[in-house]
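Asker: I have a structure here, written as structure tokens, and I will follow up with some questions on it.
What follows is calculated from the coordinates using simple rules that are stated; it is not laboratory data. Since this is a predicted model, take the numbers as computed values, not measurements. Backbone-built Cβ (ideal geometry, glycine too); neighbour counts: all protein chains shown.
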Amino acid sequence: MIPLSAYTAVSAVLFMTGLLGVLVRRNFIIVLMSVEIMMNAANINLVAFSHYLESMAGQLVALFIIAIAAGEAAVGLAIIIVVFRGKISTNVDEMNLLKW
Amino acid sequence: MTGLFFVYFALISIAAGVMTVALRHPVHCALSLLVLLLHVSGLFILLNAEFLWAVQVIVYVGAILVLYLFVLMLLNLKTDERYFHPSAPYILGPAVLGAGYVLYLLLRSPFSGAKGDAPTTAVLQDGDTYAVGIKMFSDHLLQFEIVGIFLLGAIIGAIVLAKAPKPLERDRERL
């Protein structure tokens with residue numbers, strides 16, 4: 001029997017990896033991928049608690065997180081395409097269109 | 001046997017996550033994200049969540065990741081010349097320390113809470129999909145509708161954002 005803390009440990013490591021990716025990488029698409037890693041870490045946590053505490057609510061929230069990740073990916077990639085059309089770059093350091 | 005599978009899925013997903021963050025070429029990052037998502041879906045199977053496994057494979061791998069790869073191919077990105085942020089070394093140390101502390105806290109906590117209303121034997125008898133469906137369309141109906149409206153808004157937003165702008169010349173001629 002695998003202890004619950006093993007799942008939460010995997011989830012924590014994955015979440016830290018994703019957070020590090022968001023903070024450190026400069027390509028906007030890879031920053032979005034790191035956000036996906038963080039969402040997956042949250043999903044592992046939710047499903048693990050749902051299984052070990054014998055409640056269905058965690059799996060439902062995980063489902064809603066997947067749906068929101070799909071929306072986030074669609075809108076984020078649309079923003080990338082708009083910015084790329086103007087600047088020919090997806091570097092987050094060069095995105096200063098809203099700065100005045 | 002389950003422990004063996006858990007160790008395999010956990011280690012490969014962590015390794016794939018690190019590779020997603022660390023690899024240089026964006027397409028390689030997307031492919032290691034694919035490995036990560038598939039192994040996380042394996043973890044879902046170990047937790048008796050077959051429906052989430054199917055959703056993970058169909059939605060995450062089949063839709064979201066393909067969207068990422070499609071945009072990567074569309075933009076034809078060059079490799080980042082300046083790879084990491086200049087302040088990356090200063091972030092890395094506290095991140096590793098914080099991760100170690102959180103892991104220490106997680107591994108020594110017992111996690112003994114009140115049990116819910118879906119024991120494993122009952123879920124296994126009717127199937128996970130049945131349990132998720134009953135729960136979703138009874139207690140969580142409002143969230144389901146909200147997510148539907150959210151997705152509609154996301155579709156409209158994506159279309160409006162990514163639409164090609166009107167060429168300016170034609171407007172000037174009309175004036």
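Asker: Using a simple spin-label model with points 7 Å from Cα along the Cα→Cβ vector, what separation in nm is obtained for A:A6 and A:L23?
Answerer: Going by the 7 Å Cα→Cβ label model, 2.9 nm.
Asker: Go ahead and set up a Gaussian network model of chain B, Cα springs under 10 Å, then flag whichever of B:V18, B:V160, B:V71 fluctuates most.
Answerer: Checking each option, the largest mean-square fluctuation is seen for B:V160.
Asker: With the crude spin-label approximation of a point 7 Å out along Cα→Cβ, what separation in nm comes out for B:L11 versus A:V82?
Answerer: 4.6
Asker: Rounded to the nearest 10 degrees, what's the angle between the helix B:88-107 long axis and the longest principal axis of chain B, both from Cα atoms, 0 to 90?
Answerer: 20
Asker: Across the protein assembly as shown, how many lysine pairs, 8 or more positions apart or on different chains, have C-alpha atoms separated by under 25 Å? Please give the number. Present the calculation step by step, with values, prior to reporting the outcome.
Answerer: Details: A:K87/A:K99; A:K87/B:K78; A:K87/B:K163; A:K87/B:K166; A:K99/B:K163; A:K99/B:K166; B:K78/B:K163; B:K115/B:K135.
Taking the Cα cut-off of 25 Å, the pair count is 8.
Asker: Another one. Which ordering of B:T20, B:T120, B:T2 is given by a fewest-first count of other beta-carbon atoms within 10 Å? Write out the running numbers ahead of the final one.
Answerer: Numbers: B:T20 27, B:T120 12, B:T2 9.
Final ranking by Cβ density, sparse to dense: B:T2, B:T120, B:T20.
Asker: Strictly greater than 27 Å: what percent of every Cα pair in chain B meets that?
Answerer: Percentage above 27 Å: 53.
Asker: Under a GNM of chain A (C-alpha, springs under 10 Å), which listed residue has the highest mean-square fluctuation: A:E72, A:E36, A:E54?
Answerer: Looking only at A:E72, A:E36, A:E54, the biggest GNM fluctuation is shown by A:E54.
Asker: Could you work out the relative contact order of chain A? I mean the mean sequence separation of Cα pairs under 8 Å and 6+ apart, divided by the number of residues, in percent. Each step should come with its number before you reach the end.
Answerer: On the way: 83 pairs, mean separation 27.6, N = 100.
Here the relative contact order equals 28 percent.
Asker: Hey, fewest Cβ within 10 Å first, where do A:E94, B:E50 land in order? Before the final figure, lay out the partial values.
Answerer: Working: A:E94 13, B:E50 16.
Least to most surrounded, the residues fall as A:E94, B:E50.
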